[in-house]
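Working notes for the structure below.
The values are calculated or read from the model by the stated rules, or taken from the named source; none is laboratory data. Since we're looking at a predicted model, the values are computed, not measured. Glycine gets a Cβ as well: all are built from the backbone with ideal geometry, and neighbour counts include every protein chain shown.
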Amino acid sequence: MGSIGSTSCLLSPFAGAVGMLTLLLAPLLIPIGLGLRHQIKQLAEEKVHIEEINNVSMDKMESGVKLDISEIISESPSESFELSFSSTSEEFNGEIRESNNGDDRISETNEVISVIEEIGVKVMLRRLNFWLYFFVYLFGVTLALVFFNNLGQIAESRGRSASSLVSLSSSFGFFGRLVPSIVEYFVSRRKYMISRPAFVVALMAPTGAAFFLLLANDTSVLWLYISTAIIGVCSGAITTISVSLTTELFGTKNFGVNHNVLVVNIPIGSLLFGYLAAVVYHKEGNAEGKCFGMECYRKTFSLWGALCFIGTFLALILYARTRKFYNSQRS
């Protein structure tokens, strides 16, 4: 089987541009589809309501009762819903106040439930949840970024073009950022709040497996493209999730500072992991500093895969510590 690069050569520049434009516009189908679905549902409800009005009018005409359209309109479901809502609003608000008071008491005594607190950097740095989250991000998204930064040398060591790999990683990274929003939409329809640490666990495990797939001795470099796509999707999704997760763990008041402290691991990890990868690459290379073959990154991929699975385990611990909070959010 040929590589993606050889396949792309068979396509004309116009066909490639059309294909890329189609991929970029594909996410727009989601809001368009949801809007059409809402309009169809609204039209169906109006049709049913009109049929109910006609049935009521026919019954009154047959019984000889004078028909008053205003009476029929006043019996519409929307008005009855408004009356029902207004009659129970005070009771509902009272339940919310009581629930909030209960959450405040729990947050003061329970470390797990205190993830909904508004805390600053000084307090955050003393929390175990932060350091679990920090190393999960370091062994997940940051490792993926280092991998993408080294795609040029990785492709060169396999004797392939770097352009196709870079395009592949960028495309799947973009679509990976859309995955959490799509999942969140379908889960929220069931009135359930998804556990974002559990979501991170589900994304970290395939990332670690993808690094070990890079060790496969594949002459057609098929696993190289598959692994790059998996890492792109998973790292893009985790990047999107991290924004909401930082808010849920440490609050919204100091979100900007808290999240910037978290992503400090990106330059730290890029320097550390990138330097180690360069050392192994030059050690396996020739006198000119060039390396070709599987051995150039074998040790590096093994280390990255192991670290990613360690990050998966840390994410699992973070999920266990925050599980009570997410279970309490069910409605």
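Would you point out which residue out of Gly256, Gly232 is surrounded by 16 or more Cβ atoms within 10 Å (Cβ to Cβ) and within 23 Å of the chain's Cα centre (by Cα)?
Working: Gly256 fails: surrounded by 16 or more Cβ atoms within 10 Å (Cβ to Cβ).
Just one listed residue meets the conditions, Gly232.
In this structure, is Ser302 in a helix (DSSP H, G or I), of a type in the set (Gly, Ala, Ser) and over 17 Å from Leu151 (Cα atoms)? Please lay out each step first, then the result.
Numbers: in a helix (DSSP H, G or I): yes; of a type in the set (Gly, Ala, Ser): yes; over 17 Å from Leu151 (Cα atoms): no.
Judged against the criteria, Ser302 is not a match.
Report yes if Ser227 is without any contact (Cβ under 8 Å) to a residue 40 or more places away in the chain and small (Gly, Ala, Ser), otherwise no. First the steps, then the outcome.
Values: without any contact (Cβ under 8 Å) to a residue 40 or more places away in the chain: yes; small (Gly, Ala, Ser): yes.
Answer is yes for this residue.
Applying the selection to segment 39-53, what residues are among the acidic types (Asp, Glu) and within 36 Å of the chain's Cα centre (by Cα)? Lay out the reasoning, then the answer.
Taking segment 39-53 first, the residues among the acidic types (Asp, Glu) are 45-46, 51-52.
Hit for segment 39-53 is Glu45, nothing else.
Is it the case, given these coordinates, that Thr322 is hydroxyl-bearing (Ser, Thr, Tyr) and outside any loop (DSSP other than H, G, I, E, B)? Give the derivation first.
On the way: hydroxyl-bearing (Ser, Thr, Tyr): yes; outside any loop (DSSP other than H, G, I, E, B): yes.
So Thr322 fits the description; yes.
Report yes if some residue within segment 246-263 is among the polar types (S, T, N, Q), in contact (Cβ under 8 Å) with a residue 12 or more places away in the chain and within 17 Å of Ile317 (Cα to Cα); otherwise report no.
Looking only at segment 246-263, we keep the residues that are among the polar types (S, T, N, Q), and these are 246-247, 252, 254, 258, 260.
Next, from what is left, pick out any that are in contact (Cβ under 8 Å) with a residue 12 or more places away in the chain: 246, 252, 254, 258.
Within this subset, residues satisfying the condition of being within 17 Å of Ile317 (Cα to Cα) are 246.
Yes: one or more hits.
Does Ser157 satisfy being closer than 24 Å to Thr300 by Cβ and either in contact with a Phe, Trp or Tyr (Cβ under 6 Å, 6 or more places away or on another chain) or buried (at least 18 other Cβ atoms within 10 Å of the Cβ) (or both)?
On the way: closer than 24 Å to Thr300 by Cβ: yes; either in contact with a Phe, Trp or Tyr (Cβ under 6 Å, 6 or more places away or on another chain) or buried (at least 18 other Cβ atoms within 10 Å of the Cβ) (or both): yes.
Taking the combined requirement at face value, the residue satisfies it.
Which residue pairs have Cβ atoms closer than 9 Å, lie 6 or more positions apart in sequence or on different chains, and pair a first residue in segment 179-190 that is modelled with pLDDT of 85 or more with a second residue that is surrounded by 15 or more Cβ atoms within 10 Å (Cβ to Cβ) and among the basic types (Lys, Arg)?
Final answer for the pair search is Pro180/Arg196.
Looking at Ser220, Ser227, Ser235, Ser195, which is the one that is under 19 Å from Ser169 (Cβ atoms), at pLDDT below 90 and small (Gly, Ala, Ser)? Steps first, answer last, please.
Numbers: Ser227 fails: at pLDDT below 90; Ser235 fails: at pLDDT below 90; Ser195 fails: under 19 Å from Ser169 (Cβ atoms).
Of the residues listed, the single one that is under 19 Å from Ser169 (Cβ atoms), at pLDDT below 90 and small (Gly, Ala, Ser) is Ser220.
If you go through segment 108-137 one residue at a time, how many are loosely packed, with under 13 Cβ neighbours inside 10 Å and either modelled with pLDDT under 90 or within 24 Å of the chain's Cα centre (by Cα) (or both)? Reasoning before the result, please.
Step one: filter segment 108-137 for residues loosely packed, with under 13 Cβ neighbours inside 10 Å, giving 108-111, 118, 122, 126, 128.
Checking the rest, the ones that are also either modelled with pLDDT under 90 or within 24 Å of the chain's Cα centre (by Cα) (or both) come to 108-111, 118, 128.
Residues in segment 108-137 being loosely packed, with under 13 Cβ neighbours inside 10 Å and either modelled with pLDDT under 90 or within 24 Å of the chain's Cα centre (by Cα) (or both): 6 in total.
So Asn260 passes all but one of these: (1) over 15 Å from Phe147 (Cβ atoms); (2) among the polar types (S, T, N, Q); (3) touching a helix residue (DSSP H, G or I) at 6+ places or on another chain (Cβ under 7 Å). Which condition number does it fail?
(3)
All but one of (1) assigned to a helix (DSSP H, G or I); (2) in contact (Cβ under 8 Å) with a residue 40 or more places away in the chain; (3) crowded, with 16+ Cβ neighbours inside 10 Å; (4) touching a helix residue (DSSP H, G or I) at 6+ places or on another chain (Cβ under 7 Å) hold for Val280; state the number of the condition that does not hold.
Result: Val280 fails condition (2) only.
If you take the residues in segment 291-306 that are of a type outside the set (A, V, I, L, M, F, W, C) and without any contact (Cβ under 8 Å) to a residue 60 or more places away in the chain, which one is surrounded by the most Cβ atoms within 10 Å (Cβ to Cβ)?
Applying the first criterion (of a type outside the set (A, V, I, L, M, F, W, C)) to segment 291-306 yields 293, 295, 297-300, 302, 305.
Now restrict to residues that are without any contact (Cβ under 8 Å) to a residue 60 or more places away in the chain: 295, 299-300.
Details: Glu295: 14, Lys299: 17, Thr300: 23.
Of everything passing the filter in segment 291-306, Thr300 is surrounded by the most Cβ atoms within 10 Å (Cβ to Cβ).
So which residues in segment 128-176 are more than 24 Å from Val233 (Cα to Cα) and free of Cβ contacts under 8 Å to residues at least 40 places away in the same chain, if there are any at all?
Across segment 128-176, the qualifying residue is only Trp131.
Just to verify a result, which residue in segment 216-262, among those that are among the hydrophobic types (A, V, I, L, M, F, W, C) and assigned to a loop (DSSP other than H, G, I, E, B), is nearest to Gly152 (Cα to Cα)?
Within segment 216-262, the first condition is being among the hydrophobic types (A, V, I, L, M, F, W, C), and the residues that meet it are 216, 221-224, 226, 229-231, 233-234, 237-238, 241, 243, 245, 249-250, 255, 257, 261-262.
Remaining after also requiring assigned to a loop (DSSP other than H, G, I, E, B): 216, 221.
Numbers: Ala216: 19, Val221: 14 Å.
Within segment 216-262, the match that is nearest to Gly152 (Cα to Cα) is Val221.
Do we find that Phe250 is more than 30 Å from Gly293 (Cα to Cα) and either within 22 Å of the chain's Cα centre (by Cα) or not β-branched (Val, Ile, Thr) (or both) in this structure? So that I can check it myself, show each step before the final result.
Numbers: more than 30 Å from Gly293 (Cα to Cα): yes; either within 22 Å of the chain's Cα centre (by Cα) or not β-branched (Val, Ile, Thr) (or both): yes.
Criteria met by Phe250.
Tell me which residues, restricted to segment 199-241, are touching a Leu at 6+ places or on another chain (Cβ under 7 Å), under 20 Å from Thr300 (Cβ atoms) and among the β-branched types (Val, Ile, Thr).
Matches in segment 199-241: Ile226, Thr228.
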